[in-house]
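Below: one structure, written as structure tokens.
The values are calculated or read from the model by the stated rules, or taken from the named source; none is laboratory data. On a predicted model such as this, the values are computed, not experimentally measured, just so you know. Every residue, glycine among them, receives a Cβ derived from its backbone with ideal geometry; neighbour counts consider all protein chains shown. Heavy atoms of the whole protein, side chains included, go into the accessibility calculation; ligands, DNA and RNA do not. Shrake-Rupley method; radii C 1.70, N 1.55, O 1.52, S 1.80 Å.
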Amino acid sequence: MGSLLDTQTLEILAREDSSEDTVASAVKIARNAYEYWKEVPGTERSKLLRAIRSQLLRNMDEIVDTMIEETGKVVTEAVVSEVVVSCEVLSYYASHAASILKTRSVYPGLLINKRGYKRYEPLGVIGVISPWNYPLVLALGPVATALAAGNAVILKPSEYTPKTGILIGGLVAKAGAPEGLVQVITGHGPTGEALVRSGVDKIAFTGSVRSGKAVMRAASDSLTPVVLELGGKDPFIVCKDANLDRAARACVWGAFTNCGQTCMATERVYVVKEVYDEFVDKVISLTAKLHQGTAPSDDVGAVIHKGQLDIIDNHLADAIERGAKVVCGGGHVDVGGRPSMEPTVLLEVDHSMAVMREETFGPLLPIMKVENEDEALRLANDSQYGLNASIFAKDRRVIDKLVAGLRSGNVCVNDVMISYGIPSLPFGGIGDSGFGRSHGPEGLREMAHLKSVAEDRFGFSREPSWLPVPSWLAKAVKIGLDLLYRPGHDRTGSAAENTGNGTQTCVYINSKEVEIG
Ligand code: NAD
């Protein structure tokens, strides 16, 4: 850790806004650490990730308790959705980062006398700006990814979860990271903006659309690249052949886990008319049995703060005013001193209502009856967001049609939200849900600089096209083009990408990349 973390006074730091000067000095410290870390071999980077994982497990109770204190989430969520997924991300990159970042040669096309290859180099200093709803995994995940790619990191956790952020810094320090490699700065939006403007080499931002746009505006001044993981309004489609027991349970979990404060929560449900009544009955009966509170056995925790509750209240009031019916919940409840909303099921909803169009980020579950899958698809796509979507069906043709038709970064089939739990599966959005990816090879390569190299193979003293050009060249090329590209003779061929050790990792067949090893 850099000088910003005094392990004796974490609590005091946690309440402070870091000034622009503090941010600037953090970047300086990070640059020094980067100079060392970028040269460290992949095996050593992996060792650090595994050591962080060990520290996370060793300090799990403290981290879990801190998250609960800061957010009001229940213990199961803190352990299952945060600690488990963090361990998975750390393990995945510890095992695979080196091979994902290996130099790869590419098919040179006509230029068989050349070698083309791609190098993945560290970027430098990555600024990670994270939200409060999953304060561990959405901070530690990008931090670990940045480290795996050879970067130094400055983390700015949410102003609502600074202690969790600082504990993450502590884990990295205890794991033996070099001084200054990961630093934590605390503060509100302006501190985040100072980080964006500080000259870091990339910003990995997770948060609301509004803040994401502000980040992109600030980053544009210095052309600092950004990854934006933003909000969602995820649709959940139930087809007539769906396993309704599974669909109803998934829907209730998707809508109410973390008290609905999940970027890919189930925010709107479309059920085909044939199974609507049965599905709704199941959802209501499951929802009515949920326990809300702070006890270890409780299912649903708290709404984070009054501002979030106001948004939820407004969506509920707007829906009721426009004709929605509350069939479960709908009232306020105190959860460990936080005024919160009960898990609430709404029927007779439509797209004139904010609850079907804007991100609620709370425990409201609006369910709409639709004629058929086509109408469900049309309504699902009637949104500026595109983060995740769920489909419950058995017919393969229907599933494939919906998967292909959904405008969404991620799709879960007969499941909900689980895509984030698969560390090898890239995660990210389209439209207002942002761009860029976390997790998987793509998530790691977001944190790397891709350098393309073209190298001559034979060392002849000249190339045919170099000046002065031979007079026969243009004519010869014309004849060659006719032969090469005449109709019916496209050279789509196959092209191999090779890693440095000569292992073929994927081929291109008619322009499609196919991983083979
Ligand atoms: P938020 O946008 O209010 O804050 C997120 C972070 O950005 C915080 O650290 C905040 O201090 C910082 N910030 C705010 N303004 C900034 C600015 N102008 N410049 C730089 N940083 C700034 O979001 P939140 O309320 O903490 O989180 C909830 C939102 O995050 C929801 O919209 C949710 O959908 C989204 N989210 C998205 C994902 C995803 O992976 N796509 C995951 C979790 C949450």
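Quick look at the numbers
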read-out	value
Within the stretch 92-107, considering residues that are in contact with a strand residue (DSSP E or B) (Cβ under 6 Å, 6 or more places away or on another chain) and among the aliphatic types (A, V, I, L, M), the one surrounded by the most Cβ atoms within 10 Å (Cβ to Cβ)	Leu101
Test: residue in the stretch 462-474 that is away from the ligand (no atom under 15 Å from the Cβ), modelled with pLDDT of 95 or more and within 41 Å of the chain's Cα centre (by Cα)	no
Positions within the stretch 267-288 being in contact (Cβ under 8 Å) with a residue 12 or more places away in the chain and out of contact with any helix residue (DSSP H, G or I) (no Cβ under 8 Å at 6 or more places or on another chain), in sequence order	Lys273, Glu274, Tyr276, Val280, Ile284, Ala288
Enumerated helices (runs of 4 or more DSSP H) restricted to the stretch 364-465, each holding at least 2 residues that are within 27 Å of Val275 (Cβ to Cβ) and open to solvent by 40 Å² or more (accessible area, probe 1.4 Å)	373-380, 396-405
Residues being at pLDDT below 95 and in contact with a Lys or Arg (Cβ under 7 Å, 6 or more places away or on another chain) - total across the stretch 80-112	1
Filter result for Ile422 (away from the ligand (no atom under 13 Å from the Cβ), in contact with a strand residue (DSSP E or B) (Cβ under 7 Å, 6 or more places away or on another chain) and within 30 Å of Leu387 (Cα to Cα))	no
Test result for Ala389, in the same structural domain as Gln261 (by TED's automatic domain parsing) and farther than 23 Å from Asn414 by Cα	no
Index of the failed condition, Thr22 passing every other in (1) at pLDDT 95 or above; (2) open to solvent by 30 Å² or more (accessible area, probe 1.4 Å)	(1)
Meets criteria (under 22 Å from Pro441 (Cβ atoms), within 15 Å of the ligand (Cβ to nearest atom), in contact with a helix residue (DSSP H, G or I) (Cβ under 6 Å, 6 or more places away or on another chain) and modelled with pLDDT of 95 or more) for Val143	no
Segments classed as strands (runs of 3 or more DSSP E), wholly inside the stretch 245-352, with at least 2 members that are in contact with a His (Cβ under 8 Å, 6 or more places away or on another chain) and either open to solvent by less than 60 Å² (accessible area, probe 1.4 Å) or among the acidic types (Asp, Glu) (or both)	338-341
The stretch 304-318 residues that are in contact (Cβ under 8 Å) with a residue 40 or more places away in the chain and among the acidic types (Asp, Glu), paired with ones that are assigned to a helix (DSSP H, G or I) and buried (at least 17 other Cβ atoms within 10 Å of the Cβ) (beta carbon under 9 Å, 6 or more apart)	none
Matching residues in the stretch 212-241 - criterion: being of a type in the set (Gly, Ala, Ser) and either under 22 Å from the mean Cα position of the chain (by Cα) or open to solvent by less than 10 Å² (accessible area, probe 1.4 Å) (or both)	Gly212, Ala214, Ala218, Ala219, Ser220, Gly231, Gly232
Meets criteria (near the ligand (Cβ under 7 Å from one of its atoms) and either buried (at least 24 other Cβ atoms within 10 Å of the Cβ) or closer than 22 Å to Val84 by Cβ (or both)) for Val137	no
Which listed residue, of Thr103, Thr76, is in contact with a Phe, Trp or Tyr (Cβ under 6 Å, 6 or more places away or on another chain) and over 25 Å from Leu195 (Cβ atoms)	Thr103
Those helices (runs of 4 or more DSSP H) lying entirely in the stretch 9-121 with at least 2 residues farther than 30 Å from His305 by Cα and not polar (S, T, N, Q)	20-37, 42-58, 85-100
Residue in the stretch 350-361 that is within 23 Å of Lys289 (Cα to Cα), touching a residue at least 24 places away in the same chain (Cβ under 8 Å) and touching a helix residue (DSSP H, G or I) at 6+ places or on another chain (Cβ under 6 Å) present	yes
Residue in the stretch 406-427 that is more than 26 Å from the chain's Cα centre (by Cα), modelled with pLDDT of 95 or more and in the same structural domain as Gln261 (by TED's automatic domain parsing) present	no
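Yes or no, residue by residue, for (1) under 23 Å from Ser211 (Cα atoms); (2) of a type in the set (S, T, N, Q):
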residue: Ser408; (1), (2): yes, yes
residue: Cys412; (1), (2): no, no
residue: Tyr420; (1), (2): yes, no
residue: Ala448; (1), (2): no, no
residue: Glu455; (1), (2): no, no
